[in-house]
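Notes to accompany the following structure.
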Amino acid sequence: ADVGCCPNSGSTGGADWGTITVDSRDEVNAAKELLRLSWGDSTNIGMLITTPVLNALRKNNFVMEAIKYTMAAKASDITPDLLAGFYGVSKLYVAGSTEVTSKEGQTVVNADNWPDDVIVFRYEDNPMTNDVGIFGVTHAVNNDVFTAGIQSNRWREEGVRGEIIEECMCVQENIVNNTLGVHIDHVLA
């Protein structure tokens with residue numbers, strides 16, 4: 001697996017998380033450290049995994065050992081909440097959408113939309129707070145240049161014999177911080 005902090009594409013070596021004897025926490029901890037160094041804080045760290053990664057982790061001995069005293073260590077019992085605790089992140093999301101990849105009239109074949117990647121990111125509980133860093137979100141900036149608010153533009157269209165009225169709002173969108181997510185690429189063989 002390759003670990004890269006956005007937007008830089010630096011990487012470190014990794015292991016196949018699907019191997020039952022691989023402890024994948026080292027790569028996640030490296031990603032969390034990149035976020036801490038970038039943001040100066042290690043709170044509100046989330047993680048996004050895919051369904052194939054979740055299924056592979058359910059067979060991983062390190063994960064099963066970590067929860068064996070919490071509950072019966074059956075693969076079906078390993079939930080995203082337990083994995084969040086295992087990796088030391090506040091939230092863990094599973095991307096599980098699929099699409100039909102077969103042609104019309106053929107036998108239906110479903111495939112995962114998401115590859116075998118993992119994203120570790122920093123989030124804010126309240127995106128309305130000023131000066132926050134949220135992975136993958138742009139913020140509208142309201143400053144002296146863009147304080148006009150909603151504007152109406154009107155013009156006459158002779159071809160349609162009518163008047164066109166367009167409402168618009170002028171805003172400037174800025175990415176607050178683009179180093180708040182770490183992409184761990186190809187975690188399954």
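The values are calculated or read from the model by the stated rules, or taken from the named source; none is laboratory data. As the structure is a computational prediction, the values presented were derived from the model and not from experiment. Backbone-built Cβ (ideal geometry, glycine too); neighbour counts: all protein chains shown. Ligands, DNA and RNA are stripped out before the accessible areas are found, and what is left, the full protein with its side chains, is counted by its heavy atoms. Shrake-Rupley method; radii C 1.70, N 1.55, O 1.52, S 1.80 Å.
Run down the lysines and flag those whose C-alpha is under 30 Å from the C-alpha of Lys68, throwing out any fewer than 8 positions away in its chain.
List returned: Lys32, Lys59, Lys91.
Give me the Kirkwood hydrodynamic radius of the range 46-122, using the inverse of the mean 1/r over all pairs of distinct Cα atoms, in Å to one decimal.
After inverting the pairwise mean of 1/r, the radius is 13.8 Å.
Asp81: accessible area at probe 1.4 Å, nearest 10 Å²?
Roll a 1.4 Å probe over it and Asp81 shows about 130 Å².
How would Lys68, Lys59, Lys103 rank on accessible area, largest to smallest, probe 1.4 Å?
Largest to smallest exposure gives the sequence Lys103, Lys59, Lys68.
Quick one: P(r) of the range 80-126 from all Cα-Cα pairs, 5 Å bins, percents rounded to integers, in order of increasing distance.
With a bin width of 5 Å, the distribution comes to 5, 16, 17, 18, 14, 10, 8, 7, 5, 1.
Please list, ordered by chain and number, the residues whose modelled amide H lies under 5 Å from the amide H of Leu92; skip anything fewer than 5 residues away on the same chain.
Those qualifying (amide H under 5 Å, at least 5 residues apart or on another chain) are Met47.
Just to verify a number: what accessible area does Glu158 come out at with the full protein assembly present, 1.4 Å probe, Å² rounded to tens?
Approximately 130 Å² of Glu158 is accessible to the 1.4 Å probe.
How much solvent-accessible surface does Trp155 expose, in Å² to the nearest 10, with a 1.4 Å probe and all protein chains in place?
That residue has around 90 Å² of solvent-accessible surface.
R0 = 35 Å: FRET efficiency of Thr107 with Cys168, Cβ-based, nearest 0.05?
Result of the calculation: an efficiency of 0.10.
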